[in-house]
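*Asks:* Shown below is the structure under consideration.
Just so it is clear, none of the values below were taken in a lab; they were calculated from the coordinates. Everything quoted here is computed from the prediction, not taken from an experiment. FYI the Cβ positions are ideal-geometry reconstructions off the backbone, even for glycines, and counts take in every protein chain you see.
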Amino acid sequence: MIFLDINTFFSHKAGGIRTYHNAKIDWFRKHSGIGYHLVYPGPVRKEIRDGNNVTLVEAYGPALTKDPAGYRLLIDFVHVFKLIRKLRPDVIEVGDPWLSGLFCLMLRKSGIFRGLLVSFYHSDPVPTYIQPWAERGPLQGLRAPLAKLAGILFYWLQRGYDLTAVASKGMEDRLRAKGVRAVAHLPFGVPAFFLEGAFAPDSKAPPGKDGVRLLYAGRLDRDKDVDLVLENLTKLLKRNVRVTVMGRGAMAKQFATFKHARYQYLGFIEDQAKVREIYDGHHILMAPGQYETFGLGVLEAMARGLIVVGPNTGGTGELLREAKSPFRFEPGSSLDFLETMEKAIACEWAVEVARSRSLALRYGGWEDAIGRMVKRYSARLGAKPIHRTSAA
């Protein structure tokens, strides 16, 4: 099997994205019977052979941020087209519905690609981006109908794929309700070293005289509802707690300039071993984002025994309900967020640590998650005749 993975938006420093694709690369290195090609935007065209069956393909894409290692946008679809004609892949997986997704749907329609076309997306753009855009800013009368049209177009396009893979059950249910029938629920895992070693509830130091240590780890953007953390920092620090914020984004300056003796801002941490160390030094993860479709950072934190406070919707809410966690709040509600934080700070420590760790163990590591994905694709591929086109 030849597997082509096309990523329209890509960042070498985006922790979750790199974790996911590094996990894929590691998995395919160990399974030499499948050729894996990862396509992503970069400053130049180049190919890097990473193992006998893994190839990293960089196609041109301009930077979207001032940081040269930040997000880039793939625009060199001529190169991608030539690659598809050359490889004749059995499976193409795309993570963007508007550019790479539409491009591959057109190739399918023309008959140039006849393999298995999979859409694997990590967030539903309609409630995450389109609806919030329609509700803010000028020209409300124009934004609302445009947003409605974009939503209709998105779900219509999803029906054109052989399979739409999603990370959460909630996303699967949402797509099916919108008429997308070929959907696969393929949850993520965590890096193996997050699960390594014996882990008992008492192996994580309970809150001591310096109080409960609270952590936010993730993008500092409004779509992550991180403003709930910012507006409640002063109120939280009136209690016997310490607060750490780790991440970067549009609101980074506001977190960086906040001052308190029991508060620290770490910025973006790329090294996963350091991230695990930071998790191990904290007790509660604040995960306010209501649009998370799986909650990868949430699961990583739970693997290290952190109690998680999150909304009762989205991927985070789904994980917390599965864990039978009582620490869920009404999404977007500052008051409910603060009250739920207070309950978590005063909780029965050992019981909640065990609850978090148990859920993470059920999901397992990335080796398990990628294996589930490839098994599902292979089964779907086996049910779909593949008629290869001739190479150009």
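*Asks:* Rounded to the nearest Å, what's the spacing between the alpha carbon centres of region 96-135 and region 46-75? Just the number, please.
*Replies:* 20 Å
*Asks:* What's the FRET efficiency of LYS86 with LEU142 using the Cβ-Cβ distance as r and R₀ = 51 Å, to the nearest 0.05?
*Replies:* Plugging the Cβ-Cβ distance into 1/(1 + (r/R0)^6) gives 0.70.
*Asks:* Which one, ALA360, LEU228, TYR155, projects farthest toward the positive side of the charge dipole computed for the chain from Cβ point charges (K/R +1, D/E -1)?
*Replies:* TYR155
*Asks:* Using label points projected 7 Å from each Cα along Cα→Cβ, tell me how many nm separate LEU99 and LYS66, to one decimal.
*Replies:* The two pseudo-label positions are separated by 2.2 nm.
*Asks:* With +1 on the Cβ of every Lys and Arg and -1 on the Cβ of every Asp and Glu, and nothing else charged, how large is the dipole of the chain about its Cα centre, in debye rounded to the nearest 20?
*Replies:* 860 debye
*Asks:* In whole Å, what is the distance between the alpha-carbon centres of region 315-371 and region 259-284?
*Replies:* Result: 19 Å between the Cα centres.
*Asks:* If you take the charge dipole of region 192-363 about its Cα centre, with +1 on Lys and Arg Cβ and -1 on Asp and Glu Cβ, which of ALA303, ILE278, PHE327 is farthest toward its positive end?
*Replies:* ILE278
*Asks:* Taking the Cα centre as origin and putting +1 on Lys and Arg beta-carbons and -1 on Asp and Glu beta-carbons, what dipole magnitude results for region 192-363, to the nearest 20 debye? Write out the running numbers ahead of the final one.
*Replies:* Details: 24 positive and 22 negative charges, 90 e Å.
Roughly 440 debye, rounded to the nearest 20.
*Asks:* Which value in deg cm²/dmol, rounded to the nearest 500, describes the helix-derived mean residue ellipticity at 222 nm for the chain, given -39,500 (n - 2.57) per DSSP H run of n ≥ 4 and division by the residue count?
*Replies:* Numbers: 14 runs with 156 residues, N = 392.
Rounded to the nearest 500, the figure is -12000 deg cm²/dmol.
*Asks:* Counting only residues 5 or more places away or on other chains, whose amide H sits under 5 Å from the amide H of LEU163 once H atoms are built in the peptide plane?
*Replies:* HN-HN under 5 Å from LEU163: LEU117, SER119.
*Asks:* Ok, one more. Among 210-216, 24-30, 291-297, how do they line up by average Cβ neighbours within 10 Å per residue, starting with the highest?
*Replies:* Values: 210-216: 20.4, 24-30: 17.4, 291-297: 24.7.
The packing order, highest mean first, is 291-297, 210-216, 24-30.
*Asks:* Just to be sure I understand: of the beta bridges DSSP finds with both ends in region 192-363, what percent are antiparallel, rounded to 5?
*Replies:* So the antiparallel bridges amount to about 5 percent of the total.
*Asks:* Length gain on complete extension for the stretch ASN22 to GLU270, per 0.36 nm per residue less the alpha carbon to alpha carbon distance?
*Replies:* Full extension of this stretch gives 88.0 nm more.
*Asks:* Here is a further query. Using only alpha carbons, build the gyration tensor for region 192-363 and give me the equivalent ellipsoid semi-axes, biggest first, whole Å. Each step should come with its number before you reach the end.
*Replies:* Details: eigenvalues 93, 62, 56 Å².
Semi-axis lengths for region 192-363 are 22, 18, 17 Å.
*Asks:* Can you tell me what share of the DSSP beta bridges in the chain is antiparallel? A percent to the nearest 5 is fine.
*Replies:* On the way: 8 of 52 bridges.
Rounded to the nearest five, the antiparallel share is 15 percent.
*Asks:* OK, next. If I model a spin label as a point 7 Å beyond the Cα along the Cα-Cβ vector, how far apart are those points for ALA350 and ALA261 in nm?
*Replies:* Placing both labels 7 Å beyond Cα along the Cβ direction yields 3.3 nm.
*Asks:* Going by amide H atoms built from the backbone, whose H comes under 5 Å of the H on PHE329, apart from near neighbours?
*Replies:* Here GLY310, ASN312 satisfy the definition.
*Asks:* Which of the lysines could be linked to LYS30 by a straight reach, that is with a Cα gap under 30 Å, when you skip same-chain ones fewer than 8 residues away?
*Replies:* Answer for LYS30, where 30 Å is the Cα cut-off: LYS13, LYS46, LYS82, LYS86, LYS169, LYS274, LYS375, LYS384, listed by chain and number.
*Asks:* Taking each full run of DSSP H in the chain as one helix, which ones are at least 18 Å long along their axis (Cα atoms) and have mean Kyte-Doolittle hydropathy of at least -0.5?
*Replies:* Details: long enough: 15-29 (21 Å, -0.88); 140-158 (27 Å, 0.62); 349-363 (22 Å, 0.04); 366-382 (24 Å, -0.60).
Answer set is 140-158, 349-363.
*Asks:* Report the extension gain between ALA250 and ARG29 in nm, rounded to one decimal, defined as 0.36 nm multiplied by the number of residues separating them, less their alpha carbon distance. Don't skip to the answer; put the middle values down first.
*Replies:* Working: separation 221, 0.36 × 221 = 79.56 nm, distance 3.64 nm.
Extending this stretch completely gives an extra 75.9 nm.
*Asks:* While we're looking at this one, here's another question. What aspartates and glutamates does LYS259 reach when the alpha-carbon gap must be under 19 Å and sequence neighbours fewer than 8 apart in one chain are set aside?
*Replies:* Excluding near neighbours in sequence, the set is ASP210, ASP227, GLU231.
*Asks:* Quick check on packing: order 128-140, 269-281 by the mean number of other C-beta atoms within 10 Å, highest mean leading.
*Replies:* On the way: 128-140: 13.4, 269-281: 14.9.
The most tightly packed comes first, giving 269-281, 128-140.
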